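The values are calculated or read from the model by the stated rules, or taken from the named source; none is laboratory data. Every value quoted in this text rests on a predicted model; they were computed, and no experiment measured them. All Cβ positions, even for glycine, are placed from backbone atoms using ideal geometry, and neighbour counts span all protein chains on display.
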Amino acid sequence: MTAKVRAVGAHTPCGTRRRSGLLAAAGALVLAAVAACGGGGTSASAGGFHPVKQTGGPLTVWVDSSRLPAAKLYQQQHPEVKMDIVTYDGDANGSNYLRTKVSLFNRTRKGWPDVVFSSQNNETTWAVDAGFTAPLDKGLIPASTLSGWAQGANAPCEVNGTLYCLRNDLAQTVLWYNAPLMKQWGYQVPQTWEQYQALGQKVATEHPGYLVGSAGDSWAPELYMWPSKCGANQIAGPKAVTVETTSANCTRMASLLDTLITHKSMSLSSVFSSDFDKNQASKILMMPGPSWFGGALFQGTFKTPAHQISVAPMPRWSADAASTSGNVGGGTWLMSAHSANLKAAAAFLTWVTTSDDYQAKLAPGYPAYAPAAKNWLAKQGSSGYFAGDISAPLQAAANQVWPGWGYGQFSQEAVWAATLTPKLTAGQSIVSLLPAWKTAIANYARADGYKVSP
Amino acid sequence: MTAPPTTVGRTAARTTRTLWSGRAGYGFVAAYVVLLIAFGLVPTGYAIYFAFTDGGGSFNGLSNFSTAVSDFRFAPAVEHVALYLAWWLASLVVFVVGLALLLHRLALQGVSRALRFLYYVPGALAGAASVMVWLFVLDPTVSPVGFLLRAFGYHTFGEVIAPGHLPVLFTLIAFWTGAGGWIVVMYGALNNISPDVLEAARIDGAGPWQTAWKVQIPLLRKWIVYMVILAFAGGTQLFVEPQLLSQASTGVAGRDYSLNQLAYDFAFQNNDVNTAAAVSVELLVVGLVVAGIFVARSGFFDAD
């Protein structure tokens, strides 16, 4: 989830534009590209998984830049395994890179990576039909290992009762805040969204320029709308979705965001943009964000000094009894059904998702594998980077993710980024855009063959 | 061709030369024909086959075309591409011809060669790489011309890439990467105009403006038509600029922007190669029709 997309090789052989050459050739080149890029998926049923001849060879692993250290560490610890490590954008922000490549490989009948990391949780919605993913709970990974995952963590990986991927990390949202600054200014950490909004307005007048959050990223709906229990993404079946964006649960959060955006204590820049890094990173009082913000954003990107950042539970609405969390990413690992190296692939997959060497000691995010998560929290505590104990709120939030937000084939992040972000930048309010948001979700869902209701 | 042949060997030499040059001609054309068939005609045929069949390979008439046209992304994409083409073709014709005329006028002063080189340099960068350069130029925080962007009131990347700005931005990028080659071509065409004609114009009292407007531009007409045909074909296939911008802006600007992107999305997001092929066939037809109109109206193939 933390990959910066701009560094990725975006040049794909499909659809490359040529400006020169004869008209026919120019037109035909694109045709050639489109024609050669087939989408012919080969369907593999769960029960009938037939591995190809196990000829071995190098283990091809695709990771995003944040997972690169994991692959490198494995290579270092297992020099006997010949590895071919490839970095790609991790499908961040719904870029669809993996799906594009797999459909090409399906046509050329070769080239599939053995193991892939994706920052998205919805890959199985297409990868199973495309025959790309290997069923993991049918002998490749022992059940005793699989039982170690946190409750519900692998739900996005299950299709018709078969497990097709492994969750890397949980990305439950919490409220990050600058503890010494809150103390210095005499503020209380808000427990309800109402208090949060009041504090955001107060900060705007007392300490202009300081932020209580950012709504400029493509995952803003997962960060704010999801924990507010807004039913914009209720996946009702394999190809059915219910989209409600103008219910009270949605508008209460939308108007909160609008108010704070107007007061300028809620940023509209992406936290990974150069502009945010330069102008706003040092002025964060609070920031709702997923568990990986601590390591990847504050420690890694912003280089916020130690003993400042702390964690509180997500605020709740005063009308609600308990706090609810959203979820921003927390990627998945997929194994190729075409691998001629299933044993080595399974060994790597098991290591990378469960080993303390990576998940507890090195991983930026909260491990989905429970024993590793425990050690990860202990390590975060002993690292002395955070102010206070961050374990309790993170552990609590892991069980408070609202289950009403599903994982469809279309990307909610992509829809939000293209539909709302430019208009928010132009000064429109989120409340006024909620109907347009619904239309856009419905359009993209239908394009993927979903039945949309109401 | 001007080598003086000996009287004895003249006939033999001519025969050999004719034979050899004839064969060489076929040789040169053959390489092109092979590539044209492999990467032009065969894929075109393949795409047409896809466009008129369904996923199972059976003929289904125009239903792929109607699927494409009725898609919610189609009309906006057509509008985007049309707007972009208007900007791109207008700027290309005006500035390329203008700069080529300027170069030609400066030829005597010795700076022309340096300028020609300068115009050509951006085109030498590979397409995608030169777009990447622009992604930095357009971000006020890191741009070397950030002061300029801020002077216009744009303080963040998001403000620069507002939807209304995109046709102009893509035109800027395309002009910067693609126009240099055309300026050099136009300059070459200008050099082909006989100095006698320009001399006569001068004696008749024509100033630089009149010479350019009444003599040089009319004589450049075929080159301009040639440029417009190719630029139109290239422009309708807009892809790299919006695609890269979409990745750089994490999907905020440029997603589903052009028809080619839509074809790409059909093929890879919606798993519908047939509709993708229908979109590409539509583009081919539009390109061919427009080229036909331009060729017919301009007398492009008329002998001088």
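Some observations on this one:
- Flag if B:Gly146 is touching a Pro at 6+ places or on another chain (Cβ under 7 Å) and either loosely packed, with under 15 Cβ neighbours inside 10 Å or small (Gly, Ala, Ser) (or both): yes
- Residue check, A:Ser411 surrounded by fewer than 19 Cβ atoms within 10 Å (Cβ to Cβ) and small (Gly, Ala, Ser): no
- Filtering the range A:276-289 to residues that are buried (at least 21 other Cβ atoms within 10 Å of the Cβ) and either within 23 Å of B:Leu245 (Cα to Cα) or outside the structural domain of A:Gln184 (by TED's automatic domain parsing) (or both) leaves only A:Phe276.
- Filter pass, B:Asn274 being in contact with a strand residue (DSSP E or B) (Cβ under 8 Å, 6 or more places away or on another chain) and either touching a residue at least 24 places away in the same chain (Cβ under 8 Å) or at the interface with chain A (Cβ under 7 Å from one of its Cβ atoms) (or both): yes
One line per residue, one yes/no per condition, for (1) out of contact with any Leu (no Cβ under 7 Å at 6 or more places or on another chain); (2) under 30 Å from A:Glu244 (Cα atoms); (3) in the same structural domain as A:Val115 (by TED's automatic domain parsing); (4) not basic (Lys, Arg):
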| residue | (1), (2), (3), (4) |
| --- | --- |
| A:Asn154 | no, yes, yes, yes |
| A:Glu158 | yes, yes, yes, yes |
| A:Gly186 | yes, no, no, yes |
| A:Gly209 | yes, no, no, yes |
| A:Ser214 | yes, yes, no, yes |
| A:Pro221 | yes, yes, no, yes |
| A:Ser228 | yes, yes, no, yes |
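- Residue match in the range B:60-67 (condition: touching a residue at least 60 places away in the same chain (Cβ under 8 Å) and in the same structural domain as B:Leu284 (by TED's automatic domain parsing)): no
- Answer residue from the range A:337-354, given it is assigned to a loop (DSSP other than H, G, I, E, B) and out of contact with any Lys or Arg (no Cβ under 9 Å at 6 or more places or on another chain) and is nearest to A:Val174 (Cα to Cα) among those: A:Ala337
- Taken across the range A:300-309, residues that are crowded, with 17+ Cβ neighbours inside 10 Å, modelled with pLDDT of 90 or more and either assigned to a helix (DSSP H, G or I) or touching a Cys at 6+ places or on another chain (Cβ under 9 Å) (or both) do occur, with at least one present.
- Just one of (1) crowded, with 21+ Cβ neighbours inside 10 Å; (2) within 23 Å of B:Tyr84 (Cβ to Cβ); (3) in contact with a helix residue (DSSP H, G or I) (Cβ under 6 Å, 6 or more places away or on another chain) fails for B:Pro163. It is (1).
- Matching residues, the range B:111-160, being in a loop (DSSP other than H, G, I, E, B) and at the interface with chain A (Cβ under 8 Å from one of its Cβ atoms): B:Asp139, B:Pro140, B:Thr141, B:Val142, B:His155, B:Thr156
- Subset of the range B:241-271 that is facing another protein chain (nearest Cβ under 7 Å) and farther than 20 Å from A:Tyr444 by Cβ - its residue that is modelled with the lowest pLDDT: B:Ala248
- Residues (surrounded by fewer than 16 Cβ atoms within 10 Å (Cβ to Cβ) and within 12 Å of chain A (Cβ to nearest Cβ)) located in the range B:76-95: B:Pro76
- Within the range B:104-127, the set of residues being crowded, with 17+ Cβ neighbours inside 10 Å, at pLDDT 75 or above and under 21 Å from the mean Cα position of the chain (by Cα) comprises B:Arg116, B:Tyr119.
- Flag for A:Ala347 being more than 23 Å from A:Tyr187 (Cβ to Cβ), surrounded by fewer than 22 Cβ atoms within 10 Å (Cβ to Cβ), not assigned by TED's automatic domain parsing to the domain that holds A:Trp416 and not charged (D, E, K, R): yes
- In the range B:220-240, the residues that are surrounded by 15 or more Cβ atoms within 10 Å (Cβ to Cβ) and more than 14 Å from every other protein chain (Cβ to nearest Cβ): B:Leu220, B:Lys222, B:Trp223, B:Ile224
- Listed by first and then second residue, the pairs linking a residue in the range B:82-98 that is of a type in the set (Phe, Trp, Tyr) to a residue that is surrounded by 15 or more Cβ atoms within 10 Å (Cβ to Cβ) and not in a helix (DSSP H, G or I), with Cβ atoms under 8 Å apart and 6 or more places separating them unless they lie on different chains, are B:Tyr84/B:Leu238; B:Tyr84/B:Ser258.
- Among the helices (runs of 4 or more DSSP H) confined to the range A:376-454, the ones with at least 3 residues that are over 21 Å from the mean Cα position of the chain (by Cα) and more than 27 Å from B:Asn271 (Cβ to Cβ) are located at A:421-425, A:430-447.
- Only listed residue being over 26 Å from the mean Cα position of the chain (by Cα), buried (at least 19 other Cβ atoms within 10 Å of the Cβ) and assigned by TED's automatic domain parsing to the domain that holds B:His104, chosen from B:Asp256, B:Asp265, B:Asp272: B:Asp272
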